[in-house]
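Below is one structure, written out as structure tokens; comments come after it.
Since every read-out is calculated from the coordinates, none of them should be taken as a lab result. Remember, predicted model here, so these are calculated numbers, not experimental data. Positions of Cβ are generated from backbone atoms using ideal geometry, with glycine treated the same way; all protein chains shown enter the neighbour counts.
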Amino acid sequence: MRKNKSSYGKTNWAGTLWAGVLLVSAEGMFFPLYAADTGSSLSVNETQQQADITVTGQVLDEAGMGIPGANVSVKGKTGLGTITDMDGNFSLKVPGNSILTVSFMGYTTQERKAVAGQAMRFNLVPDSKALDEVVVVGYGTQRRSTVTGAIADVKTDRLKDITAPSVSNMLQGKVAGVVVTPSSGRPGDGVSIRVRGTGSISGSQEPLWVIDGVIGEGSAELNPNDIESISILKDGSATALYGSRGANGVVQVTTKRAKLGTAQFNASAKWSVSQLTKGNLEMMNGAEYYDYLVTAYTNAGNLDDQYWLQPYLRDRNFDWWDYATQNALTQNYNINYTYGNNKIRAYISGDYYTEEGTIKGYDYDRFTLRSNTEYMVNDRLTLKANIAASYKETFNQEYSLAHTSYTPWDTPWDSQGNLKDGSQGLPATAEEAVSANPDDYWYSDGGTNFAYDRHLNWGKSRSNGLDVNLGFTYKIFDFLTFESNNKIGFSNNYSSTYTDPKSRGGVGTKGSYYDANSNSRSVYTNQLLRFMKTFGDKHEVSAYLFYEYEEYRYWDLTATAYNIAQGAEIISAGADDPAASGTKYENKNAAYLFNGNYTYDGKYMLQAMVRRDGSSRFGSNKRWGTFWSVGGGWNIHKEAFMENVPWINELRARVSYGINGNQPGGSYDYLTKASITTQYDNQIALMTNYLGNPDLEWEETGNLDVGLDIRLFDRLNITLDGYVKKTKNLLYLRHLSAVSGFNRQTSNNGKLENKGFEITVTPEIIKTKDLYWDVSFNLGYNHNEITYMPDGDDLSFQATAVGYPYLNYYMREWAGVDTMTGKGLWFKVDKTTGEKTVTSNYNEATPVLLDAVPIPDINGAVATNLTWKGLSLNANFTFAAGAKIYNSMRAGALDRDCSRPSQVPMRLQDGWSRWEKPGDIATHPQLIANSSADNSNTSTRYLENGDYFKLKSLSLSYSLPSKWLKPLKINSAAINLTGENLFTITKYSGQDPEVLFSSSYNGSASSFGYPTVRRFTIGVNVNF
């Protein structure tokens, strides 16, 4: 309680601080409120006039619904206020004759005199200016109406439909022109992200991550539950702000912060069950495989020699898929506390995520902690401290997707229940085969049972990361601020692999134990001077100038011990000398930047930027590069001639052009490298085959963007963008003549182009008090083309050829099956005339550039949100078109026309057929066991359509009524059910086309892989 102290009629308590806890809501919720009082004493009359009164009321929107979280404050009394509850209600004790100010983002602010003894009602109305949300752009924020670049903003509520430890997975389908592709369904595995196509063939292709203004993904892993919003910068004027780092786009993450007048505790939990998806791949059962082999050996003329092929095998159908997979459990628990007053604002969170692999034998566990704190020393100086930490463990004793290589006749165990190692082989004689128990033999290809080694061998890993970010903001003048951000990060990773001496894999080395330890340290600092001022009523100027420095160091040590004792887990346990190796490197970046924005009368915008970047990855004569951008915008809807067009709420035109840079992937590509790890005659031997390039320079990308932002009838949002990205001085690995003494060198000089368009349409179909329904559609089209390569085309399986997209397929064209002979056919091309003819000789066929790539040129999504009172239904569909997948699993094992009989084939897909007799029109050649034909060699026979349409997520949530929660002192609570990857429509014959578009596969299904998982989740969120 505040007390007056007087001396001879005067007061002496200016600067005295007081603090109190005020009961402010009808539910009995408490909010800490602090204020600094520097006023003078009151007379008796003034004290009576301003005696405290209790004011209650409700804040409503234009539809008459209560607005939760609206700010109710006393005008002129800093820190004295509250926020509304879930129903928009408030209660506040204020001095008499006070003026209440009620505000909420997107609505006009209202002021009214406080009235005691009756409920006050505030009906807020939407404000077009207030709806002009603030977005993060580069090193600052802007009102969306003044942005001249192509920037997409993703709020946290749009990231909740996916359960994953990685933020990247949650971005899939959320933004036009941003392609997010998971690399596998294994817990914790990463994704590939491409923003407006592939911008480099040798340098980095991934976008730059910026977390709370600090460049880089961070040493500590980012917890999705800590995210407030994500901004993705796509065009040149925005990405050029990051110079040499922004050529492939920028993903800016803002983590959660406390707000003034809040004290909230939030707890959430998720429980999931996951299943592995098979896609369209179906393997033959025991009877089908038996008939398949009988036909193949009959056509080969040697069926009688296959004494082991007994009819009883038809009835055996062991399910290797079911044996290797499981319904896997996922759990995620998160707690966070948010607290804010006029001196300190803090956000603290803890998160635990654990997931089992849907392929048995893999476990993933992760803990994360985060603390974001701001301390307002005074009205000029604010101190900031952000700390993030993470710890992760994995255990790998993973089964194999052996259903695609093991026969349904085999089992993991013999008739006595012993685990087989796969060396049992076939029955030795015809007499033995007649009465043989198949459980005691091994019919599958390769002579190895993965289950035998799996229970003996294992792998483990653990890693921890820590990021400490300290900074401050000092307001020199009202229009001039100095900001300092400084971060240091540490990460440590440990992994070990044990191969048992008794395992099949450990026989040759008598067992082994592998240990690896890697460490990294990153340092970042940014010192920025920011200017913001409005001149008159129409001229708005903002600008900033900064210096930035970044340093990264990495080192590792690995060692392997051989001939070990069973169960040993230390390197010194090996009888043979251990093999050890290590790596060490570092790189540094520095930059100077100036950026300016000018807005006239809220109608015309101009942006200009210049940045000077330096990198240690280049030689001293090419170390620095200059990058720049310009952009302009026009808010057409604010013009006088648009006043009579009320159905156009927003119409903004944007144009921008920027130059970005890109660096080589290696830290020392400009130097001639010599290996010092080789020995000759017990002496260190220097060996080199890589020639340095002191003239290696920056890869540069020029990005032109033209866009429109439209809102019609206060219901329909449309964003259109068209772009052209031209990259020159392409970084690529050049092959040298052997006479030079070297065989490769990193060089510049190629050219690459991406061009395309993006569209996002979001109609709000129904918008009433109780019912809301919107649909969002986004689509991005991108065409990629190599326009120049100084050393000519690189005609490999996935070629780099002028006039074609990067990774364009280069192979022979399959011409089908000869209707009379059942042999495979290919096309050959006359080099002179270009005439196409067919041949049954694979070596005579002509390899050609196909204008087919493993990267979709169309990607998009359809999302819908339906809300009725406390119920909410959300669905998100994703799709991709225009890519081809080379199904090398078919070529190598699953569809080889019995050229290797011990490989179990897949079932023929709908529309496929097998040649059996002259005159048959078929897609597949005649079955001939152990055929030497080249039908399974690389050709377009195995090049498949990769288009797909997928229900990525479907979620139903229910927010419990406040009347249920009031007696429990709970602010809000919600329950949600979510399904992920519920179905996929595709013609691809394999397991999952989506995963194969990631950089891990580049469209080539060369292994069993790890398909995406179907997941069902129940979640609970409670806020106090």
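Compute the FRET efficiency between residue 909 and residue 689 as 1/(1 + (r/R0)^6), taking r as their Cβ-Cβ distance and R0 = 45 Å, and round to the nearest 0.05.
After rounding to 0.05, the efficiency reads 0.45.
Tell me, what is the percent relative contact order of the chain, built from C-alpha pairs under 8 Å that lie six or more residues apart?
After rounding, I find 11 percent.
Output the Kirkwood hydrodynamic radius of segment 722-772, Cα pairs only, in Å rounded to one decimal.
By the Kirkwood definition, the hydrodynamic radius is 15.9 Å.
When Lys and Arg each count +1 and Asp and Glu each count -1, what net charge do the other residues less than 11 Å away from residue 439, Cβ to Cβ, add up to?
Net of charged neighbours comes to -1.
Using 5 Å bins from zero, what percent of all Cα-Cα pairs in segment 471-623 falls into each bin?
2, 8, 11, 10, 10, 9, 8, 7, 7, 6, 5, 5, 4, 4, 3, 1, 0
Of the options 832, 1016, 815, report the single residue whose Cα projects farthest towards the positive end of the charge dipole of the chain (beta-carbon charges: Lys, Arg +1; Asp, Glu -1).
1016
Tell me, 915, 647 in order of fewest to most beta-carbon neighbours within 10 Å?
647, 915
Taking the Cβ-Cβ separation of residue 987 and residue 1020 as r and a Förster radius of 41 Å, what is the calculated FRET efficiency to the nearest 0.05?
Here the calculated transfer efficiency is 0.55.
What list do you get for 221, 540 if you sort them by fewest beta carbons within 10 Å?
Fewest-to-most ranking of 221, 540: 540, 221.
Apply the Karplus parameterisation 6.51 cos²θ - 1.76 cosθ + 1.60, with θ equal to phi minus 60°, to every residue of segment 750-763 and state each ³J(HN,Hα) to the nearest whole Hz, in sequence, with x for glycine and proline.
Computed from phi, the couplings for segment 750-763 are x, 9, 9, 9, 10, 9, x, 9, 9, 9, 10, 10, 10, x Hz.
Would you work out the charge dipole size for the chain about its Cα centre, treating the Cβ of every Lys and Arg as +1 and the Cβ of every Asp and Glu as -1, and quote it to the nearest 20 debye?
4180
Given N residues in the chain, what is Rg(Cα) / (2.2 N^0.38 Å)?
Its radius of gyration relative to the 2.2 N^0.38 Å reference: 1.09.
Ignoring everything except DSSP H segments at least 4 long, calculate the 222 nm mean residue ellipticity for the chain; use -39,500 (n - 2.57) per segment, divide by total residues, nearest 500.
Helices in the chain give a 222 nm mean residue ellipticity of -1000 deg cm²/dmol.
Once the Cβ-Cβ distance between residue 726 and residue 516 is put in as r, and R0 is 60 Å, what FRET efficiency do you end up with, to the nearest 0.05?
The formula returns an efficiency of 0.90 here.
Helix 286-300 versus the longest principal axis of the chain: what is the Cα-based angle in degrees, 0 to 90, to the nearest 10?
40
Determine the dipole magnitude for segment 439-479: charges of +1 sit on the beta-carbon of Lys and Arg, -1 on that of Asp and Glu, nothing else is charged, the reference point is the Cα centre, and the result goes in debye to the nearest 20.
That gives a dipole near 400 debye.
Pop out the Kirkwood hydrodynamic radius of segment 926-1024 from its pairwise C-alpha distances, inverse of mean 1/r, in Å to one decimal.
Result for segment 926-1024, one decimal place: 17.9 Å.
Answer rounded, prolate or oblate for segment 134-258, using the Cα gyration tensor with square roots of eigenvalues a ≥ b ≥ c: rounded when a/c is under 1.5, else prolate when a/b is larger than b/c, else oblate.
It is oblate, given that a/c is not under 1.5 and a/b is not larger than b/c.
Where Lys and Arg each count +1 and Asp and Glu each count -1, what net charge lies around residue 176 among other residues with Cβ under 11 Å from its Cβ?
+1
Over every pair of different alpha-carbon atoms in segment 237-362, take the mean of 1/r and invert it; report that Kirkwood radius in Å.
21.6
Taking amide hydrogens as modeled 1.01 Å from N in the peptide plane, which residues meet the under 5 Å criterion relative to residue 850, leaving out close sequence neighbours?
Counting only residues 5 or more places away or on other chains, the set is 809, 811.
How large is ³J(HN,Hα), in whole Hz, for each residue of segment 301-311 in order, when computed from phi with the Karplus curve 6.51 cos²θ - 1.76 cosθ + 1.60 and θ = phi - 60°, using x for Gly and Pro?
Per-residue couplings from phi come out as x, 9, 4, 5, 7, 8, 4, 6, 7, 9, x Hz.
So what's Rg/Rh here for segment 376-512, counting alpha carbon atoms and using the Kirkwood radius for Rh?
1.45
How big is the dipole moment of segment 134-258 about its Cα centre under a simple scheme where the beta carbon of each Lys and Arg is +1, that of each Asp and Glu is -1, and everything else is neutral? Debye, nearest 20, please.
Approximately 320 debye in magnitude.
Among all the aspartates and glutamates, which ones have a C-alpha under 13 Å from residue 638's C-alpha, if same-chain residues fewer than 8 places away are not counted?
601, 650
Counting other C-beta atoms within 10 Å, which of 623, 380 has the fewest, and how do the rest follow?
So the ranking, lowest neighbour count to highest, is 380, 623.
Restricting the calculation to Cα positions, tell me the Rg (one decimal) and the Dmax (whole number) of segment 588-691 in Å.
For segment 588-691, the Cα radius of gyration and maximum Cα-Cα distance read 25.8, 90 Å.
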